[in-house]
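Working notes, structure below.
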Amino acid sequence: MELRHLRYFVAVAEEKSFTKASEKLFIAQPPLSRQIQQLEAELGATLFIRDSRPLKLTKAGVFFYEHATQVLAKTSELKAMTKRVGNIGRILNIGFVASLLYGILPKTIRKYRAEFNSVELRMYEMTTMEQLKALKEGKIDIGFGRVRHEDADIRRIVLQEEKLIAATPIDHPLAKAKKPILFKDLADENLIIYPKQPRPSYADEVLNALKDRNVRPKKVIEVRELQIAIGLVAAGEGVSIVPLSLQGMKRDDVAYLDLKERHAYSPIIMSVRSMDKSEEINAMLQLLYRIYDEESIPYAREDL
């Protein structure tokens with residue numbers, strides 16, 4: 001059994017079709033079918049129910065799929081880490097969600113470049129879920145996101161629970177009152193959430209927070225990114241729930257209001273490959289803790 005057999009099998013299982021899998025793998029269908037037959041012969045088990053449309057896995061096929069995907073993920077992770085070890089002293093690829101640019105991330109990157117000038121940092125904006133995929137594919141080495149999501153191949157460190165606030169038009173009655181508000185005060189408002197895709201995302205965390213408190217906005221408006229959400233708030237299209245650091249996005253047409261809600265927080269999470277404990281990544285984590293200490297920002301310490 002070779003890794004290509006696992007890749008072929010996983011492709012057929014996920015596409016539920018030999019034809020679609022062959023197109024995805026850029027190989028002809030007959031050789032693909034023969035490879036799967038050889039795999040089944042070696043395993044002594046039938047993996048697919050071939051007379052079903054779409055193609056279905058047998059009980060043995062389901063078991064083999066769960067383990068084959070894990071093996072391929074570990075192989076990809078090993079390849080990515082080995083490649084990065086070869087680039088030590090040169091490149092560290094970092095994924096981040098846009099909202100973190102209004103917190104301490106820019107300062108962290110500046111300090112890291114100053115203290116470890118032999119390491120080239122490359123920054124890529126991407127959602128949390130895109131970061132997890134990119135980590136496993138070896139496209140990035142560190143991800144900074146907000147969505148809680150468990151993955152056996154990814155080590156996730158919750159750095160901080162950041163307070164949520166409300167963004168409203170500057171002339172909104174709630175803004176004029178200049179008082180902390182509750183989620184229920186937004187029940188009759190249009191709620192602008194971001195990002196629209198992919199999900200799950202920060203948008204789902206906001207919607208779940210409202211649902212937990214039995215608050216239903218008048219209308220939910222989904223937009224692609226944070227800057228669009230704030231722009232629509234400024235235009236009077238609705239209100240938005242954003243992390244506290246967004247107060248750094250100063251505008252004279254948007255007001256930021258405190259929320260007097262318990263447990264109204266958004267996590268800041270650092271993600272790395274589960275086996276990657278390199279000095280460069282640990283240096284980034286320790287630098288973050290040092291900056292948190294300098295700025296008296298509460299955080300939960302967890303080392304690699």
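Count, please, the residues in the range 120-147 that happen to be in contact with an Asp or Glu (Cβ under 8 Å, 6 or more places away or on another chain) and over 17 Å from A80 (Cα atoms). Show your work before the answer.
Kept after step one, since they are in contact with an Asp or Glu (Cβ under 8 Å, 6 or more places away or on another chain), are these residues of the range 120-147: 132, 135-136, 138, 141, 146-147.
Within this subset, residues satisfying the condition of being over 17 Å from A80 (Cα atoms) are 146-147.
Residues meeting the conditions: 2.
Search the range 190-206 for residues being buried (at least 18 other Cβ atoms within 10 Å of the Cβ) and outside any strand (DSSP E or B), and hand back the single one that is farthest from the chain's Cα centre (by Cα). Talk me through it step by step, then tell me what you get.
Within the range 190-206, the first condition is being buried (at least 18 other Cβ atoms within 10 Å of the Cβ), and the residues that meet it are 191-195, 201-203, 205-206.
With the extra rule that they be outside any strand (DSSP E or B), the set shrinks to 194-195, 201-203, 205-206.
Values: Y194: 13, P195: 11, S201: 7, Y202: 9, A203: 12, E205: 12, V206: 15 Å.
The selected residue is V206.
From the set of residues in the range 142-162 that are more than 17 Å from A98 (Cβ to Cβ) and in contact with a Ser or Thr (Cβ under 8 Å, 6 or more places away or on another chain), which is surrounded by the fewest Cβ atoms within 10 Å (Cβ to Cβ)?
Per the stated criteria, the residue is A152.
Output the residue which, of all residues in the range 1-14 that are touching a residue at least 12 places away in the same chain (Cβ under 8 Å) and surrounded by fewer than 19 Cβ atoms within 10 Å (Cβ to Cβ), is farthest from T69 (Cα to Cα). Quick ask: steps written out before the conclusion?
Within the range 1-14, the first condition is being touching a residue at least 12 places away in the same chain (Cβ under 8 Å), and the residues that meet it are 1, 3-13.
From the residues that got through so far, the ones that are surrounded by fewer than 19 Cβ atoms within 10 Å (Cβ to Cβ) too are 1, 3-5, 7, 10.
On the way: M1: 15, L3: 11, R4: 12, H5: 12, R7: 8, V10: 7 Å.
Among residues in the range 1-14 that are touching a residue at least 12 places away in the same chain (Cβ under 8 Å) and surrounded by fewer than 19 Cβ atoms within 10 Å (Cβ to Cβ), the one farthest from T69 (Cα to Cα) is M1.
For the list (1) touching a His at 6+ places or on another chain (Cβ under 9 Å); (2) at pLDDT 95 or above, I need the number of the one condition that I142 fails.
Condition (1) is where I142 drops out.
So how many residues does the range 216-261 have that are at positive phi and surrounded by fewer than 21 Cβ atoms within 10 Å (Cβ to Cβ)?
1
Residue check: is Y292 touching a Phe, Trp or Tyr at 6+ places or on another chain (Cβ under 7 Å), closer than 27 Å to I140 by Cα and hydroxyl-bearing (S, T, Y)?
Working: touching a Phe, Trp or Tyr at 6+ places or on another chain (Cβ under 7 Å): yes; closer than 27 Å to I140 by Cα: yes; hydroxyl-bearing (S, T, Y): yes.
Spelling it out, Y292 is indeed touching a Phe, Trp or Tyr at 6+ places or on another chain (Cβ under 7 Å), closer than 27 Å to I140 by Cα and hydroxyl-bearing (S, T, Y).
To keep it simple, each residue is scored yes or no on (1) in a helix (DSSP H, G or I); (2) basic (K, R); (3) in contact with a strand residue (DSSP E or B) (Cβ under 6 Å, 6 or more places away or on another chain).
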position	(1), (2), (3)
K136	yes, yes, no
K139	no, yes, no
V147	no, no, no
D151	no, no, no
L159	no, no, yes
D171	no, no, no
K176	yes, yes, no
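Within the range 274-282, is there a residue that is within 20 Å of S99 (Cβ to Cβ) and among the hydrophobic types (A, V, I, L, M, F, W, C)? Give the derivation first.
Pass one, the range 274-282, residues within 20 Å of S99 (Cβ to Cβ): none.
Checked against the condition, which is being within 20 Å of S99 (Cβ to Cβ) and among the hydrophobic types (A, V, I, L, M, F, W, C), the range 274-282 yields no hits at all.
Of (1) assigned to a strand (DSSP E or B); (2) of a type in the set (V, I, T); (3) modelled with pLDDT under 90, V71 satisfies all except one. Which?
Failed condition: (1).
Report those strands (runs of 3 or more DSSP E) wholly inside the range 219-284 carrying at least 1 residues which are under 24 Å from E161 (Cα atoms) and in the same structural domain as L105 (by TED's automatic domain parsing). Show your work before the answer.
Working: elements: 219-222, 240-243, 254-258, 265-273.
In the range 219-284, the matching strands (runs of 3 or more DSSP E) lie at 265-273.
For the condition exposed (fewer than 13 other Cβ atoms within 10 Å of the Cβ) and at pLDDT below 95, what is the one hit in S278, S296?
Values: S278 fails: exposed (fewer than 13 other Cβ atoms within 10 Å of the Cβ).
None of the others qualify; the one that does is S296.
So which pairs qualify, if the first residue must be in the range 56-72 and among the basic types (K, R), the second must be loosely packed, with under 14 Cβ neighbours inside 10 Å and not in a helix (DSSP H, G or I), the Cβ gap must be under 6 Å, and the two must be at least 6 apart or on different chains?
Hits for this filter: K56/I49.
The values are calculated or read from the model by the stated rules, or taken from the named source; none is laboratory data. Predicted model, so just to flag it, every value in this text is computed and none were measured. Ideal geometry is used to build each Cβ from the backbone, glycine not excepted, and the neighbour counts take in all protein chains shown.
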